[in-house]
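The values are calculated or read from the model by the stated rules, or taken from the named source; none is laboratory data. Quick caveat, the model's predicted, so the values are computed rather than measured. Cβ: placed from backbone, ideal geometry, glycine included. Neighbour counts: every protein chain shown. Please note that ligands, DNA and RNA were not included when accessible areas were found on the heavy atoms of the full protein model with its side chains. Shrake-Rupley method; radii C 1.70, N 1.55, O 1.52, S 1.80 Å.
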Amino acid sequence: MKSTVRAFFGGVAASAIIIASSLSAQADSWKYAFEESLTEVQGVYATKFKEAIEANSDHTIELFPYGTLGESADIMEQAQAGILQFVDQSPGFTGALIPEAQVFFVPYLLPTDQDHLARFYKQSKAINEDFEGLYADKGLELLVMFPEGEVAMTTKSPVKSCADLNEVKFRVMTNPLLVESYKAFGATPTPLPWGEVYGGLQTNIIQGQENPTFFLFSTKIYEVTDHITYTGHNNFTTAVMANKDFYDGLSDADKKVVEDAAASAYDYIAEYQKSLADSELKKITDAKPEMTVTVLTEEERACFKAAAATVEAKFIEMTGDSGKAILDQLKADLEATKN
Ligand code: 6CS
């Protein structure tokens with residue numbers, strides 16, 4: 001009897017092992033949504049990530065570009081709920097969920113030198129270690145952050161100083177620190193999801209917005225604004241995450257496939273986006289020769305730089321010791337990756 005029972009449970013255990021191992025080896029289909037189109041920077045990154053996953057495992061990835069599943073806030077909710085396995089959401093939106101992620105909106109914190117930035121995102125302890133726990137608390141496994149280019153202001157009237165932003169309703173992504181930045185710059189900040197920006201400019205509900213140059217061309221924002229101004233105050237940062245329960249449930253081999261795909265796609269995109277600002281600016285001025293393009297001089301940047309100190313103090317006020325520690329680490333990482 002005993003031996004029969006043992007044989008029975010032994011059989012059950014063996015079947016369980018077979019089922020478990022066949023489950024872990026099964027080919028899964030994963031969903032990945034992002035905030036841009038397939039041919040924009042986030043879409044190019046996602047395509048490279050998908051190619052690497054599919055080349056190195058039996059899993060497949062289905063890509064969901066901007067608009068197919070809603071706005072940035074919608075895809076984040078879907079990723080947190082486990083409906084999506086991967087999501088690209090920029091700190092410009094995540095800052096509302098993880099206040100420390102707003103550190104990327106302290107003006108003049110990040111350099112505009114793209115080579116320095118490429119080293120920084122890859123090697124930064126703040127990004128690759130410290131942010132991990134903050135994202136994990138929200139059910140997310142942070143995989144990578146990468147740059148999308150220097151941010152430019154596009155407006156309906158010329159901007160040479162903060163005074164020119166007076167009474168300009170300026171669209172910003174939906175995080176409180178970006179609101180504080182544009183207040184400190186002298187504008188009237190108006191947080192909006194991306195889908196409302198083109199129409200808002202067209203109907204004059206807003207008169208300005210900021211984004212990297214490639215996005216000004218690809219989304220045709222140049223059609224509804226007349227002046228591009230480079231103040232050097234920021235570089236656009238974005239982040240790719242996995243749903244944490246999904247990620248934690250992966251085998252070690254699959255985790256490595258995901259990490260390696262994120263790293264190889266990073267190397268590709270860091271190089272790819274470097275020349276975009278110049279090539280896409282040319283497309284804008286070809287399409288609209290009357291568009292003015294101004295790079296502010298050091299003197300003209302003075303009021304924006306002075307505002308940065310106020311915004312940094314606000315960031316610390318909003319995030320306390322945890323934010324201060326991230327800010328200090330980020331500054332140390334920037335210093336360490338200078339050369
Ligand atoms: O300004 C925005 O809302 C958007 N900007 C970029 C460059 N990517 C996605 C984001 O939704």
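Some points to look at:
- Test: residue in the range 251-274 that is within 24 Å of N175 (Cα to Cα), surrounded by 15 or more Cβ atoms within 10 Å (Cβ to Cβ) and in contact with a strand residue (DSSP E or B) (Cβ under 9 Å, 6 or more places away or on another chain): no
- Taken over the range 130-166, the criterion of being outside any strand (DSSP E or B) and under 18 Å from E35 (Cβ atoms) is satisfied by Y135, K138.
- The range 67-79 residues that are more than 12 Å from F93 (Cβ to Cβ) and of a type in the set (G, A, S), paired with ones that are open to solvent by 40 Å² or more (accessible area, probe 1.4 Å) and within 12 Å of the ligand (Cβ to nearest atom) (beta carbon under 8 Å, 6 or more apart): G67/G195
- Residues (open to solvent by 10 Å² or more (accessible area, probe 1.4 Å), farther than 16 Å from W194 by Cβ and not in a helix (DSSP H, G or I)) located in the range 60-93: T60, E62, L63, A81, G82, I83, Q85
- Condition met for T203 (within 12 Å of the ligand (Cβ to nearest atom) and surrounded by fewer than 24 Cβ atoms within 10 Å (Cβ to Cβ)): no
- Only strands (runs of 3 or more DSSP E) whose full extent lies in the range 179-270 are considered here, and the ones with at least 1 residues that are among the aliphatic types (A, V, I, L, M) are 227-230, 235-243.
- Listed conditions (1) over 30 Å from D278 (Cβ atoms); (2) touching a helix residue (DSSP H, G or I) at 6+ places or on another chain (Cβ under 8 Å); (3) crowded, with 16+ Cβ neighbours inside 10 Å are all met by F34, apart from (1).
- Enumeration of residues in the range 112-171 that are over 30 Å from Y266 (Cα atoms), touching an Asp or Glu at 6+ places or on another chain (Cβ under 8 Å), more than 16 Å from the ligand (Cβ to nearest atom) and open to solvent by less than 10 Å² (accessible area, probe 1.4 Å): none
- Enumeration of residues in the range 180-191 that are within 16 Å of the ligand (Cβ to nearest atom) and surrounded by fewer than 19 Cβ atoms within 10 Å (Cβ to Cβ): P191
- Count of the range 31-46 residues which are away from the ligand (no atom under 12 Å from the Cβ), assigned to a helix (DSSP H, G or I) and farther than 22 Å from Q80 by Cα: 1
- Scope the range 282-304; condition aliphatic (A, V, I, L, M) and more than 19 Å from K160 (Cα to Cα); matching residues: I284, A287
- Hey, G43 open to solvent by less than 40 Å² (accessible area, probe 1.4 Å), modelled with pLDDT of 95 or more and under 17 Å from Y266 (Cα atoms) or not: yes
- So P212, is it under 24 Å from E280 (Cβ atoms), open to solvent by 20 Å² or more (accessible area, probe 1.4 Å) and within 10 Å of the ligand (Cβ to nearest atom): no
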